[in-house]
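The values are calculated or read from the model by the stated rules, or taken from the named source; none is laboratory data. Source: prediction; values computed, not measured. Reconstructed Cβ throughout: ideal geometry from the backbone, glycine too, with neighbour counts over all protein chains shown. Heavy atoms of the whole protein, side chains included, go into the accessibility calculation; ligands, DNA and RNA do not. Shrake-Rupley method; radii C 1.70, N 1.55, O 1.52, S 1.80 Å.
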Amino acid sequence: MLHEYDLTQLIQPLCGWFLQNARKLPWRDDPTPYHVWVSEIMLQQTRVEAVKSYYTRFIKALPDVTALAQCEEDVYLKLWEGLGYYSRVRNLHAAAVQIMQEYDGRIPDDYGTLLKLKGIGSYTAGAIASLAYEKPEPAVDGNVLRVLARVSADDTDILDPGFKKETERLLRELLKECCSSPKDTEPEDAGKESARRDGSEKAEIPSISPRIFNQALMELGALVCVPNGAPNCEICPWRDLCLARKMQLTDKLPVRAKKKERRKEEKTILLIRDGDKIALHKRPSKGLLAGLYEFPNKQGHLSESQVISLVRDMGYSPLRIKRLADSVHIFSHVEWHMIGYSVLVEEEAFATKEQKQRAAMEELVFADAGEQKEHYALPSAFAAYRKDI
Ligand code: SF4
């Protein structure tokens, strides 16, 4: 079990391995608090490879907290377009405003204060405090829980919040015990045995740079003790220390309780065309994909005739209708099963006054492909229909 396992023995091989094998990633070049924060938020639920170009573009457009706090909603949503989980960028913006108002524009270095910022949970607070400020705080995500459950052969459900809390407690203790101040520990020294405790049985304990240690744990989970498929035990720095490997339990650990099944929703997506322009609708400011643009859509799978009368009710005169391909988009808790129609409507110039009034109530904007690309953030849930523009 994790709480019975001697974690200090893991430090040296882990940090030594990391210093030899760390990937070169754009946010590691200059780990300012802002860079760490933005990258860690982007990396939640998203692959490193997918994040790289988004990160570079985002930092170029919004290089600091001030720029982010002053940014318009449509602009930051556009920068996030396609990355998914859009509440992340809304929270980033809200927290930037909070930092400007309450902390004079400086991202706090204290773990407890970081937790008060919108969208910052224990993992991100730990990452900012340790990676940017070298504070002895843990940054525990699913990767860290998995590798530690395996190395200690702990069969507790890693989705149990109690296990995460206990892991954070143990790592915080370890970091506090073994941490050197930043000026004492250059990255090259991290993981070397250096400190000596008088009178202790464990005469030598390794010194830790919290930044190196936490990054190394994450890197091990990403490159070696991987979540999908078999772990690469042969190249693992912990291969001689790992109880799951010794006990041949690597395919059984970690234990994860079954998740609830996702809800399935049927939708009909409408590409309403007026010349070379397509109708878009801004989603409500709360809930799933809040504030983003979407193609007009309705619950359920509608027939061609239902779509025609719906489009008429919206104040447009359909001229031609074509069925588009079906598509499925999976969110964390819900699946959208979509069918689509392209509906060519009579040009707005020919609409009656009554039609124009009804159309105005629908609050649609018409934009051509270039305008959509430039100004309107459309979530990837609609990607299958975007190619039909
Ligand atoms: S030895 Fe294998 S199972 Fe154990 S921590 Fe390393 S990669 Fe994971």
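Would you confirm, using the coordinates I've provided, whether residue 52 is of a type in the set (Lys, Arg), assigned to a loop (DSSP other than H, G, I, E, B) and open to solvent by 40 Å² or more (accessible area, probe 1.4 Å)? The answer is no for residue 52.
Confirm whether residue 220 is buried (at least 16 other Cβ atoms within 10 Å of the Cβ), within 16 Å of the ligand (Cβ to nearest atom) and part of a loop (DSSP other than H, G, I, E, B).
Values: buried (at least 16 other Cβ atoms within 10 Å of the Cβ): yes; within 16 Å of the ligand (Cβ to nearest atom): yes; part of a loop (DSSP other than H, G, I, E, B): no.
No.
Take segment 246-270 and flag every residue that is within 13 Å of the ligand (Cβ to nearest atom), over 26 Å from the mean Cα position of the chain (by Cα) and open to solvent by less than 80 Å² (accessible area, probe 1.4 Å). Passing the criteria: 249, 250.
Quick test for you: out of 128, 107, pick the one residue that is in the same structural domain as residue 71 (by TED's automatic domain parsing) and within 19 Å of the chain's Cα centre (by Cα).
128
Which one of these is assigned by TED's automatic domain parsing to the domain that holds residue 213, open to solvent by less than 30 Å² (accessible area, probe 1.4 Å), within 30 Å of residue 178 (Cβ to Cβ) and touching a helix residue (DSSP H, G or I) at 6+ places or on another chain (Cβ under 6 Å): 18, 58? Spell out how you get there, then give the answer.
Values: 58 fails: within 30 Å of residue 178 (Cβ to Cβ).
Within the list 18, 58, the selection yields 18.
What's the total number of residues in segment 21-43 that are open to solvent by 60 Å² or more (accessible area, probe 1.4 Å) and either over 19 Å from residue 129 (Cβ atoms) or in contact (Cβ under 8 Å) with a residue 40 or more places away in the chain (or both)? First the steps, then the outcome.
At the first step, the residues of segment 21-43 found to be open to solvent by 60 Å² or more (accessible area, probe 1.4 Å) are 21, 23-24, 29-30.
Pick out the ones that are also either over 19 Å from residue 129 (Cβ atoms) or in contact (Cβ under 8 Å) with a residue 40 or more places away in the chain (or both) and you get 21, 23-24, 29.
Count: 4.
Among the residues making up segment 223-240, those that are over 23 Å from residue 126 (Cβ atoms), assigned to a loop (DSSP other than H, G, I, E, B) and either near the ligand (Cβ under 8 Å from one of its atoms) or in contact with a His (Cβ under 8 Å, 6 or more places away or on another chain) (or both) are 231, 232, 236, 239. Is it true that some residue in segment 131-144 is of a type in the set (D, E, K, R), over 18 Å from residue 220 (Cα atoms) and touching an Asp or Glu at 6+ places or on another chain (Cβ under 7 Å)? Yes; the residues of segment 131-144 include at least one that is of a type in the set (D, E, K, R), over 18 Å from residue 220 (Cα atoms) and touching an Asp or Glu at 6+ places or on another chain (Cβ under 7 Å).
Scan segment 9-21 and tell me whether some residue there is under 20 Å from the mean Cα position of the chain (by Cα) and over 27 Å from residue 166 (Cα atoms).
no
Scanning segment 304-331 for residues that are of a type outside the set (D, E, K, R) and open to solvent by 50 Å² or more (accessible area, probe 1.4 Å) yields a total of 7. Taking the conditions (1) without any contact (Cβ under 8 Å) to a residue 60 or more places away in the chain; (2) under 18 Å from residue 267 (Cα atoms); (3) assigned to a loop (DSSP other than H, G, I, E, B) in turn, residue 316 satisfies each one other than (2). Pairs are defined by a Cβ separation below 8 Å, a sequence spacing of at least 6 or placement on different chains, a first member in segment 165-179 that is under 16 Å from residue 143 (Cα atoms) and in the same structural domain as residue 214 (by TED's automatic domain parsing), and a second member that is surrounded by fewer than 20 Cβ atoms within 10 Å (Cβ to Cβ) and among the small types (Gly, Ala, Ser); the pairs so defined are 168/122.
When the test is whether a residue is modelled with pLDDT under 95, more than 12 Å from the ligand (Cβ to nearest atom), on the phi < 0 side of the Ramachandran plot and exposed (fewer than 14 other Cβ atoms within 10 Å of the Cβ), residue 186 passes it.
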